[in-house]
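**Student:** Pasting a structure here, questions to come.
The values are calculated or read from the model by the stated rules, or taken from the named source; none is laboratory data. None of these values were measured; they are calculated from a predicted model. So basically every Cβ, Gly included, is an ideal-geometry build from the backbone, and we count neighbours across all protein chains shown. Calculation scope for accessible area: heavy atoms of the full protein, side chains included, ligands and nucleic acids excluded. Shrake-Rupley method; radii C 1.70, N 1.55, O 1.52, S 1.80 Å.
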Amino acid sequence: CGIEIHQQIKGKKLFCNCPCEIRKGNPDYKIVRKFRASAGEMGKIDLAAIHELQKGKDFLYQCYDELTCLVETDSEPPHHVNMEALAVALQVALMLNAKIVDQIIFMRKIVIDGSNVSGFQRTALIGIDGFLEINSKKIKISSVCLEEESAQVVKRTDKLDTYNLSRLGIPLVEIATDPDIATPEEAKEVASKIGMILRSTDK
């Protein structure tokens, strides 16, 4: 098998200056949104997006004054990328022996399940073709990405999903291995080593 690991980075959010803190409890204000599916770059509407749209749901977002801003509510364009988070992602990619890409470009992945107010998630490929050594065996690291965390589910019903918006936009390092792992024990060792590398950044 292969594994995919997401790790939050502390500090500021990926595209604004809000702090990376997840708050629970009564929100300071709420917003409600509907989504619609639109055609992508190839001129077609994604089938999964159509499926989500057919559910006809509304989405309620719990917002907190110090932790959510106009970027999270999709009322303002994203600011410049958090350079500290980018530096951490580059450091992790190098520690995983990955080749850093020539240009880091943030792509938009359509997500209309309500977990992102804008209807898409921003993700950048940082490094490819890395590897880890576990007991003299190479486990290939297919990709290291930097992306924004989704909003946190609070409650789902047939007609309304509620999300906590304080988590949205926290920087994530995403690490994916090739399917080089042969046993459950090996999977645990790979996950532990990746976890050790992530913790060593102190971020």
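**Student:** Hey, could you get me the Stokes-Einstein D for segment 28-72, Kirkwood radius over alpha-carbon pairs, 4 °C and 1.567 mPa s, rounded to whole µm² s⁻¹?
**Tutor:** 102
**Student:** As a test question: what accessible area, to the nearest 10 Å², does Arg122 have when a 1.4 Å probe is rolled over all protein chains in place?
**Tutor:** The accessible area of Arg122 comes to roughly 30 Å².
**Student:** Structure shown: which of Lys24/Lys140; Lys57/Lys188; Lys55/Lys109; Lys12/Lys44; Lys13/Lys193 lie over 29 Å apart, alpha-carbon to alpha-carbon?
**Tutor:** Checking Cα-Cα distances, Lys24/Lys140; Lys57/Lys188; Lys12/Lys44 exceed 29 Å.
**Student:** With the chain treated as a Gaussian network of Cα nodes joined by springs under 10 Å, which of Tyr29, Tyr61, Tyr163 yields the largest mean-square fluctuation?
**Tutor:** Residue with maximal mean-square fluctuation among Tyr29, Tyr61, Tyr163: Tyr29.
**Student:** Students sometimes get this wrong: rank Ile5, Ile170 by accessible area, probe 1.4 Å, all chains present, largest first.
**Tutor:** Ile5, Ile170
**Student:** In addition: In terms of modelled amide H atoms, which long-range or inter-chain residues lie less than 5 Å from the amide H of Phe131?
**Tutor:** Correct list: Asn97, Ala98, Ile141.
**Student:** Now a separate question. Not counting ligands, DNA or RNA, and with a 1.4 Å probe, what is Val111's accessible surface area in Å² rounded to the nearest 10?
**Tutor:** Looks like 30 Å² after rounding.
**Student:** Which whole number in µm²/s is D for the chain by Stokes-Einstein, with the Kirkwood Rh taken over Cα pairs at 25 °C and 0.890 mPa s?
**Tutor:** 135
**Student:** Something else now. Report, in debye and to the nearest 20, how large the dipole of the chain comes out about its Cα centre when Lys and Arg carry +1 and Asp and Glu carry -1 on their Cβ.
**Tutor:** That gives the chain a dipole magnitude of about 380 debye.
**Student:** I've got another one for you. So if each residue of separation counts as 0.36 nm, and I subtract the Cα-Cα distance between Ser136 and Ala39, what length gain in nm does that give?
**Tutor:** Using 0.36 nm per residue and subtracting the Cα-Cα distance, I get 30.2 nm.
**Student:** Now for a different question. Can you give the local net charge around Gln8? Use residues other than it whose beta-carbon is closer than 13 angstrom to its beta-carbon, Lys and Arg +1, Asp and Glu -1.
**Tutor:** With Lys, Arg at +1 and Asp, Glu at -1, the net is +1.
**Student:** Say each of His6 and Lys24 gets a label point 7 Å from the Cα, pointing the same way as Cα to Cβ; how far apart are those two points in nm?
**Tutor:** For His6 paired with Lys24, the spin-label model returns 1.8 nm.
**Student:** Still on this model: I need the phi-derived Karplus couplings for segment 120-128: 6.51 cos²θ - 1.76 cosθ + 1.60, θ = phi - 60°, integer Hz, Gly and Pro marked x.
**Tutor:** 8, 10, 8, 9, 10, 6, 9, x, 9
**Student:** Ignoring ligands, DNA and RNA, what percent of the 1.4 Å accessible area of the chain is carbon and sulfur?
**Tutor:** Solvent-exposed carbon and sulfur of the chain make up 52 percent of the total.
**Student:** Continuing with this model, one more query. Measure out, as a whole number of angstrom, how far apart the alpha-carbon centroids of segment 95-133 and segment 1-64 sit.
**Tutor:** 16
**Student:** Ile3's amide H: which non-local residues (gap 5+, or another chain) put their own amide H closer than 5 Å, with H modeled 1.01 Å from N in plane and none for Pro or chain starts?
**Tutor:** Thr177
**Student:** Sticking with this structure for a sec: Over the alpha-carbon set of segment 136-203, divide Rg by the Kirkwood Rh and report the Rg/Rh ratio to two decimals.
**Tutor:** We get a ratio of 1.12 for segment 136-203.
**Student:** Select from Ala93, Ala37, Ala151 the residue whose mean-square fluctuation is largest in a Gaussian network model of the chain (Cα-Cα springs shorter than 10 Å).
**Tutor:** Evaluated over the chain, the most mobile residue of the options is Ala37.
**Student:** Further question: Let me see the P(r) profile for segment 1-59: every Cα-Cα distance counted, bins of 10 Å, each bin given as a percent of all pairs.
**Tutor:** The calculated distribution, bin by bin, is 15, 23, 36, 26, 1.
**Student:** Further question: Summing Lys, Arg as +1 and Asp, Glu as -1, what charge do residues with Cβ under 9 Å from the Cβ of Asp129 carry, Asp129 excluded?
**Tutor:** Residues close to Asp129 contribute a combined charge of +2.
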